[in-house]
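Colleague: The structure under discussion is supplied below as structure tokens; questions concerning it will follow.
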Amino acid sequence: MKSYRKELWFSTSSRRELINITPDVLNCIYESGVKEGLCLVNAMHITASVFINDDESGLHNDYERWLEKLAPEKPYSQYQHNGYEDNADAHLKRTIMGREVVVAITNGQLDFGPWEQIFYGEFDGKRRKRVLVKIIGE
Ligand code: ZN
């Protein structure tokens, strides 16, 4: 069995951002040489997510508004976590949007359903953060 590990680094210019990382994950699969297997992609930080959905700008704006209703960034004082930090909302947003995805690899490709794309969801950006890609298979 082959095994492959890579860290993808991101540094967003804004606090919140959604980035389509499907091309980066595909490159990992090509580098791994795995044709049949599984690909795990997870955020390595507790204020960022990896999730699968549509690459459609209206939906991405809807995510922003929906998450701000559920866990508004401000006022910072509404959260007990914000004693020395201001990112309680980012922790909550990460929990809602998820930590990781696992995608089947078939014929050396991501075995997606219609319109599925992999996203890095940043909720407390403006600093370097990582995503782990782990691939196993033959
Ligand atoms: Zn925190």
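The values are calculated or read from the model by the stated rules, or taken from the named source; none is laboratory data. Owing to the predicted nature of the structure, the values given are computational and were not obtained by experimental measurement. Ideal geometry is used to build each Cβ from the backbone, glycine not excepted, and the neighbour counts take in all protein chains shown. Accessible surface areas use protein heavy atoms only, side chains included; no ligands, DNA or RNA. Shrake-Rupley method; radii C 1.70, N 1.55, O 1.52, S 1.80 Å.
Colleague: How long is the gain from Q78 to S3 if the chain were fully straight, where each residue apart is worth 0.36 nm and the alpha carbon distance is subtracted?
Modeller: Residue separation times 0.36 nm, minus the Cα-Cα distance, leaves 22.5 nm.
Colleague: Quick one: Cα convex hull volume of the chain, Å³ per residue?
Modeller: It is 103 Å³ per residue.
Colleague: May I pose another question? Taking a probe of 1.4 Å, how large is the accessible area per residue of the stretch 2-137, in Å²?
Modeller: 54 Å²
Colleague: Dipole size in debye (nearest 20) for the stretch 2-137 around its Cα centre, Lys and Arg Cβ +1, Asp and Glu Cβ -1?
Modeller: That gives the stretch 2-137 a dipole magnitude of about 520 debye.
Colleague: Counting only helical runs of four or more DSSP H residues, what would the 222 nm mean residue ellipticity of the chain come to if each run contributes -39,500 (n - 2.57) and the total is spread over all its residues?
Modeller: So the calculated ellipticity at 222 nm is -8000 deg cm²/dmol.
Colleague: How much FRET efficiency would the formula 1/(1 + (r/R0)^6) give for S13 and D86, where r is the Cβ-Cβ distance and R0 is 22 Å, rounded to 0.05?
Modeller: 0.80
Colleague: Name the residues whose placed amide hydrogens come within less than 5 Å of the amide hydrogen of R16, ignoring near sequence neighbours (fewer than 5 apart) on the same chain.
Modeller: G125
Colleague: Once label points are set 7 Å from the Cα along Cα→Cβ at both R65 and L38, what is their separation, rounded to one decimal in nm?
Modeller: 3.8 nm
Colleague: Would you tally the net charge around E31, using a Cβ to Cβ cut-off of less than 12 Å, leaving E31 out, and scoring K and R as +1, D and E as -1?
Modeller: Every neighbour counted, the sum reads +2.
Colleague: For K6, which lysines qualify as cross-link partners when the Cα separation must be under 30 Å and same-chain residues fewer than eight apart are set aside?
Modeller: Correct list for K6: K35, K93, K126, K129, K134.
Colleague: Would you kindly state how much longer the chain becomes between Y30 and E56 on full extension, computed as 0.36 nm times their sequence separation minus their alpha carbon distance, in nm to one decimal?
Modeller: Stretched out fully, the Y30 to E56 stretch lengthens by 6.8 nm.
Colleague: What part of the accessible area of the chain, given as a whole %, is carbon or sulfur when the probe is 1.4 angstrom?
Modeller: 52 percent
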